[in-house]
Amino acid sequence: MRASKFPGHTAAISQVRISPDGRWIASASADGTAKIWDASTGEHMDSLVGHMAGVSCIAWAPDSEGLATGGDDKAIRLWDRVTASPAHAVGEGAGRGEEGGYGSVRRVKAGGGFLQKGAVGKGARGTRSGRGPLLGHHNYVYCLAFSPKGNILASGSYDEAVFLWDVRAGRLMRSLPAHSDPVSGIDFSRDGTLVASCSTDGLIRIWDTSTGQCLRTLVHEDNPPVTNVCFSPNGRFVLAFNMDNCIRMWDYVAGSVKKTYQGHKNSGYSIGGSFGKLETDDEDAVSGRRAEAFVASASEDGDIVMWDVKSKEIVQRIQHAHKGVCFWVDVHGDILVSCGQDGFINVFRHRREGHDKVPNGIDGGVDHEGNHSMNADEELQRQIEGETTPQVKREEFEEEEQL
Amino acid sequence: MNLLLSDDYLLQDYPEHITNTIRSGHSTCVRFNRKGDYLASGRVDGTVVIWDLETMGVARKLRGHSKNISSLSWSRCGRYLLSACQGWKAILWDLQDGKRYREVRFRAPVYGAELHPWNPHEFVVALFEEQPLLVDVTNPTDVRHVLPTVPKRTNTENDVALREKQAKEDARNMTTAIIYSAGGDHILAGTNKGRLNIIDAKTREIIYTEKICSGIVTTLRLSESGKEMLVNSQDRIIRTFHVPNLSAPDLDPDTIQIPLEHKFQDVVNRLSWNHVAFSSSGEYVAASTYNNHELYIWERGHGSLVRMLEGPKEEQGVIEWHPHKALLAACGLETGRINIWSVTSPQKWSALAPDFAEVEENVEYIEKEDEFDIHPQEEIQKRRLDAEDEAVDVLGVGEPVDDTDGFRMPILFNLGESDSEEEFVNVSLGTLRRKSPGDQDDAEEALADERAATRKPAGGGGRRGRKK
């Protein structure tokens, strides 16, 4: 379903994620749609329409060909990036084996993937057929993550459970009674053997994917709610976004906090961020690698904040990136994207040293005019730069942002 | 990465009980890939099914054979799979697109075909009442080399009668099992006369031959290292042998010795063995039994029987040990289900409650000096933050990961469609299995269909009738 006329989101954007190959950006919005954008041009590619309520989370399949979205309609939907249609085709006839299944005719009618009464009733059984959604959660689906192979999808929900789904068959594989509060974040380790989940009950749990057993529980003494969790690129640490204005990096084997990052604001919303990696010119003294890691996070005052992983110092703050709360930041290579309450997506690109610093280059949209008090050592800038005239580029970008 | 957190190394390293049963049609033959994340199974109807062991679901179906699959062999990279069937052909599949990469036809049913351990374009086949072949499919037209089953004789030029007699004898010698050595430069072949031949893969001549058992050799297996060989033969004895390094540059064919290590047999019940397998490390030997539903596991070090696995009351055929886990897969002969035996560790409750620890017995708690001191909140916070001065590496992976192949099995969504003869069947909450029409449990569904049909005249439409 392609809605090219009005490509922009009409409500707050809850999550934005860059595809694993770095070519696409996907956003999930409270307006009930998810959208795919071209990461290099900012062009709107497709809208994923089907959820009956706001979409809270979005995840890319590792091959960048598929997506999963989860929403307040308790459903998880799998999508094909190219066709923007539901990915599953578990045979229209496949429903025959299920007792009490709704007829195939009705399913075809549901074409666009709108949830129907019959489907909701079947949800509790954790099965689905046709091009329907993955049903099983009893409450809002709040976070999603694909395994590195793409064969398993993990979902966390307001019903306090973590579900592991067999992506191929669209079948609920395992249900983990994970937390005592809504599950707010979930992530797979890089080898896919571990799943980390977190909740506003203040716990971070590490699960064994193959057995479904809890291997470790991490809890901070003050027990602040955790709103998001992600593994470090090497899988040895987990980053937890706490609602006491702190981001903590845990060594989950030792069970201790290794670093605490402060300076952003996070006390009421579920905000997220990620690790980023930048190529550097000088080698790291310890590892000899020509890259350094940073942590990027959204902030409730609309800023985007970046810290050096080791020194815990803020290396950059992009002020007023969004009006209202900035909800999510994702980093891939040189690109950083953010989304917020204002319904806009901002794309930033790392400016390599030696590149001319054009003051106009950091100009994003009209509505941000006059708010570009970026730091001198700024690493990232708005994407508008390069050979083409800024004017044209800006128009494109405005279009993307304004709608 | 889960190994960092688990005590699974404390678990025993051989399987304990059935943990899963998976089924797609009637499977007769199974094989794990090298990484151990996929299991290929061959069915009676010639379909090859690839299972994802993480989800225990079907990852791919390969259709091309029409007869019972007799053997399967994965390439090292996990991208190619060689399947051989009793319908006189072997297919090399490319799992990237699920298409036939190569198809090779023979003049007889295939006993077994095995890919070269390093080169997916070369394989050996043992054929029924034919000489074994080495097939090279590097070029579009495959090249076949006939491999010998009997060593060349030296002094037969002048004696015609003797030569004829020997030729007759030779014709009765058949290769019944064939595999590559670990390095791939030699071929190990077992014959119907109980002989083991070592064939040089380059010259294709027998460099060593020895009678190792008194019956037909039915299975030859090598351990992962290639230093131990497992032989099943029809004389009801399973034997293990030490294999010297055949790839050694200074290998002298005249001094090769294949010393017998153990003989495993059940002298009381006089059981025959259907199929045998080495454990991942070669430490254990597992065997399925003929006319008996137990699996036997021996420990190789001492040669002692450590376990008899009970499963479904069904005779098990082909048996395979997972390449690095304590996990066994075996095919039930009667139902064609694939049964998986494994070990499970209990959930450690202390993992769920980090403030608690599991202790063996009562421990007297000794309070630390400063444990209950009261400090202002800010000071605690500051101390905490100051303590975080450790250097951390969030990028380094440590040891280089074994991603040499880089092959990733595509995720398919249309398996249901390609599967007209089967259906998804709901068993209970969250469990779903596939079922074939031939399944005995079909009675239930047939009943439902019948019910629907009878309502049809009254209710108008079986579909709606069943909806209730």
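The values are calculated or read from the model by the stated rules, or taken from the named source; none is laboratory data. The structure presented is a predicted model; accordingly, all values stated were derived computationally and were not measured. Neighbour counts run over all protein chains shown; Cβ positions are idealised from the backbone, glycine included.
Matching residues to (1) basic (Lys, Arg); (2) more than 10 Å from chain A (Cβ to nearest Cβ); (3) within 27 Å of residue B:13 (Cβ to Cβ); (4) in contact with a Pro (Cβ under 8 Å, 6 or more places away or on another chain):
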position: B:319; (1), (2), (3), (4): no, yes, yes, no
position: B:323; (1), (2), (3), (4): no, yes, yes, no
position: B:331; (1), (2), (3), (4): no, yes, yes, no
position: B:343; (1), (2), (3), (4): no, yes, yes, yes
position: B:350; (1), (2), (3), (4): no, no, yes, no
position: B:358; (1), (2), (3), (4): no, yes, yes, no
Restricting to the range B:269-297, what's the tally of residues that are more than 22 Å from residue B:216 (Cα to Cα) and either modelled with pLDDT of 95 or more or of a type outside the set (Gly, Ala, Ser) (or both)?
5
Condition check: closer than 17 Å to residue A:142 by Cα and in contact (Cβ under 8 Å) with a residue 12 or more places away in the chain. Does residue A:209 satisfy that?
no
Go through the residues of the range B:204-222 one by one and say whether even a single one is closer than 30 Å to residue B:325 by Cα and part of a loop (DSSP other than H, G, I, E, B).
no
Selected residue (criterion: nearest to residue A:310 (Cα to Cα)) from residues of the range A:219-242 that are within 10 Å of chain B (Cβ to nearest Cβ) and not in a strand (DSSP E or B)
A:232
Out of the residues in the range B:52-61 that are crowded, with 21+ Cβ neighbours inside 10 Å and within 23 Å of residue B:87 (Cβ to Cβ), state the one that is farthest from the other protein chains (Cβ to nearest Cβ).
B:60
So which residues in the range A:201-218 are of a type in the set (Gly, Ala, Ser) and either touching a Lys or Arg at 6+ places or on another chain (Cβ under 8 Å) or more than 8 Å from every other protein chain (Cβ to nearest Cβ) (or both)?
A:202, A:212
Among the residues of the range B:75-90, how many are buried (at least 23 other Cβ atoms within 10 Å of the Cβ) and not hydroxyl-bearing (Ser, Thr, Tyr)?
5
Count, please, the residues in the range B:179-203 that happen to be over 22 Å from residue B:234 (Cα atoms) and assigned to a loop (DSSP other than H, G, I, E, B).
8
Please work out if residue B:243 is of a type in the set (A, V, I, L, M, F, W, C), out of contact with any Asp or Glu (no Cβ under 6 Å at 6 or more places or on another chain) and under 24 Å from residue B:291 (Cβ atoms).
no
With the checklist (1) within 20 Å of residue B:184 (Cα to Cα); (2) surrounded by 20 or more Cβ atoms within 10 Å (Cβ to Cβ); (3) at pLDDT 90 or above; (4) not small (Gly, Ala, Ser) in hand, flag the one item residue B:246 doesn't pass.
(3)
Please give the number of the condition residue A:125 fails out of (1) away from chain B (no Cβ under 13 Å); (2) at pLDDT below 90; (3) out of contact with any helix residue (DSSP H, G or I) (no Cβ under 9 Å at 6 or more places or on another chain).
(1)
When the residues of the range B:286-314 are filtered to those that are part of a strand (DSSP E or B) and not aliphatic (A, V, I, L, M), which remaining residue is farthest from residue B:20 (Cα to Cα)?
B:304
The condition from (1) modelled with pLDDT of 90 or more; (2) touching a Ser or Thr at 6+ places or on another chain (Cβ under 8 Å); (3) over 17 Å from residue B:83 (Cα atoms) that residue B:122 misses is numbered (3)
Of everything in the range B:258-303 that's more than 19 Å from residue B:225 (Cα to Cα) and of a type in the set (Lys, Arg), which residue is farthest from the chain's Cα centre (by Cα)?
B:270
Does the range B:340-356 contain at least one residue that is more than 27 Å from residue A:205 (Cα to Cα) and of a type outside the set (Asp, Glu)?
yes
Search result, residues across the range B:12-45 that are more than 14 Å from chain A (Cβ to nearest Cβ), within 14 Å of residue B:81 (Cβ to Cβ) and in a loop (DSSP other than H, G, I, E, B)
B:34
Hey, any hits in the range A:326-347 for a residue that's at pLDDT 50 or above and farther than 17 Å from residue A:25 by Cα?
yes
Checking the condition touching a residue at least 40 places away in the same chain (Cβ under 8 Å), in a loop (DSSP other than H, G, I, E, B) and in contact with a strand residue (DSSP E or B) (Cβ under 7 Å, 6 or more places away or on another chain), which residue from A:8, A:22 passes?
A:22
Select from the range A:321-339 the residues that are part of a strand (DSSP E or B) and not small (Gly, Ala, Ser) and list them in ascending order.
A:326, A:327, A:328, A:329, A:330, A:331, A:332, A:335, A:336, A:337, A:339
Where the second residue is surrounded by 10 or more Cβ atoms within 10 Å (Cβ to Cβ) and not small (Gly, Ala, Ser) and the first is assigned to a helix (DSSP H, G or I) and lies in the range B:373-385, which pairs have Cβ atoms under 6 Å and are six or more apart or on separate chains?
B:385/A:260
